[in-house]
Every structure is written in C-alpha cells, then in structure tokens.
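Novice: Before I ask anything, here is the structure I am working with.
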Amino acid sequence: GIPEQSLVFLFCGRLSSEKNLFNLVKAYHQLDHQGKSLIFVGDGELRQSLQNYIDELGARSVYFFGFQNRSQIPKYYAISDVLVLPSVRETWGIVVNEAMCFELPTIVSYQVGAGIDLVTDNENGYSVSTDVDSIFRAIQQISDLSAKERMLMGMKSGEIMKKWANRDLAESLVQIIESV
C-alpha cells in the first residue's frame, strides 16, 4: 500500500520508549516532501499511543507492519530508502548492520553504538542528537538528495559492511592479547 515513488523512511525494532519514536514521528511530520512514507516494522508497548499521536498530529503516510519474522524482514529493507534509528539508549542496534547490508543510508542518534563504527556523516548517513530538530535536519538532508546521491550513500553502506564482514577478528584478538 505504499506508493511506488515514495521516499521510504524505515524504523525497524521494538516500539518502546528508549527508541525515541515520538520525536521521529514529529520530525517526519515536519518534512515537507511530496511522496514521503514512514514505515514501522516491529511491535511493542507504544504502538497504540504512537498511532494516537500520529492521528493527533495529522501525520500522513505512516504505516505499521507489526512484528515480522526473520524471513519477512528483508522485504521491508528492500522497499525502504533510509533507515532511521533515533534511540536515546541503544547498545549497538543490529538493524543498522542489516540496513547497510541492503545498501541503505542510515540516520542514527549518537546513542546508537553501531553509529560510531558504521556511520560516517555525509558518506553513508548521519549521526544526530535525539531531539526533534536534529532528527528533522537529517531527514531533510536525505530528502534533499537526488535519488542517485541516496543510492551512492547506500552503496557506501554496502562497501562498509563488506569490509566489516571480512575483518579477521581472531587476528585482532591475538594482537590485543600480545600487546598486553
């Protein structure tokens, strides 16, 4: 049900308070972009209050797909253009790795551990503060890019993941142990 030419922002994960979803919705709602969509893949305690908030704001083109098993999640990455993970607390955020494997640009908060190692501003996405304005500015920057520029950002994400996957972790561990 998502229009084919939509610029699709994806949140994938548990719908809980530490994910900062109300700020994401408010930032998305402020975006003046024809053909935008925000999709939520996941479920949790905030689903109903989040849907109520979306209705109150009058936010359009927001879709909830609920919990999806591992075999179904790839199709949501495949239809998305950008992953957004604006958490106020997130040890790592494996969805960042997953999205980057699907060559998506990513917007993560500074609180997402994966962002430190995997996201480089203006190359494959943006790292931001957790406030509405910061999230909005990153969403705006991504939406201002041409489709080709977003594709190049996504390709950079894919390259980073290939390098990340090909690391020799055992050798790194040996080097650390020997240095001690």
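Novice: Need the failing condition index for Lys162 against (1) over 15 Å from Ser80 (Cα atoms); (2) crowded, with 19+ Cβ neighbours inside 10 Å, just the number.
Specialist: (2)
Novice: Among the residues of the stretch 144-159, what is the count of those that are more than 14 Å from the chain's Cα centre (by Cα) and open to solvent by less than 10 Å² (accessible area, probe 1.4 Å)? If you could, list the steps in order and put the result at the bottom.
Specialist: Of all residues in the stretch 144-159, those more than 14 Å from the chain's Cα centre (by Cα) come to 144-149, 151-152, 155-156, 158-159.
Right, trim to open to solvent by less than 10 Å² (accessible area, probe 1.4 Å) and you get 158.
Summing the residues that are more than 14 Å from the chain's Cα centre (by Cα) and open to solvent by less than 10 Å² (accessible area, probe 1.4 Å) in the stretch 144-159 gives 1.
Novice: So which residues in the stretch 27-59 are out of contact with any strand residue (DSSP E or B) (no Cβ under 9 Å at 6 or more places or on another chain) and part of a helix (DSSP H, G or I)?
Specialist: Of everything in the stretch 27-59, those that are out of contact with any strand residue (DSSP E or B) (no Cβ under 9 Å at 6 or more places or on another chain) and part of a helix (DSSP H, G or I) turn out to be Gln30, Gln48, Ser49, Asn52, Tyr53, Asp55, Glu56, Leu57.
Novice: Now a separate question. Taking Ser71 as the residue in question, decide whether it is more than 17 Å from Ser17 (Cα to Cα), over 11 Å from the mean Cα position of the chain (by Cα) and of a type outside the set (D, E, K, R).
Specialist: Yes.
Novice: Oh, and also: Please enumerate the residues belonging to the stretch 51-92 that are buried (at least 20 other Cβ atoms within 10 Å of the Cβ), farther than 23 Å from Ser143 by Cα and not acidic (Asp, Glu).
Specialist: none
Let's see how each residue does on (1) over 16 Å from the mean Cα position of the chain (by Cα); (2) among the hydrophobic types (A, V, I, L, M, F, W, C):
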{"residue": "Ile2", "(1), (2)": "yes, yes"}
{"residue": "Phe9", "(1), (2)": "no, yes"}
{"residue": "Phe22", "(1), (2)": "no, yes"}
{"residue": "Lys26", "(1), (2)": "no, no"}
{"residue": "Lys36", "(1), (2)": "no, no"}
{"residue": "Ile39", "(1), (2)": "no, yes"}
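Novice: Considering Val112, Val82, Val96, which residue is modelled with pLDDT of 95 or more and closer than 17 Å to Ala165 by Cβ?
Specialist: Val96
Novice: Considering each of Val95, Val119, Val132, Val128 in turn, give the residue that is open to solvent by less than 40 Å² (accessible area, probe 1.4 Å) and without any contact (Cβ under 8 Å) to a residue 40 or more places away in the chain.
Specialist: Going through Val95, Val119, Val132, Val128 in turn, just one is open to solvent by less than 40 Å² (accessible area, probe 1.4 Å) and without any contact (Cβ under 8 Å) to a residue 40 or more places away in the chain: Val119.
The values are calculated or read from the model by the stated rules, or taken from the named source; none is laboratory data. Only a predicted model underlies this, so the values are computations on that prediction, with no experimental measurement involved. Backbone-built Cβ (ideal geometry, glycine too); neighbour counts: all protein chains shown. Note: areas computed on protein heavy atoms with side chains; ligands, DNA, RNA excluded. Shrake-Rupley method; radii C 1.70, N 1.55, O 1.52, S 1.80 Å.
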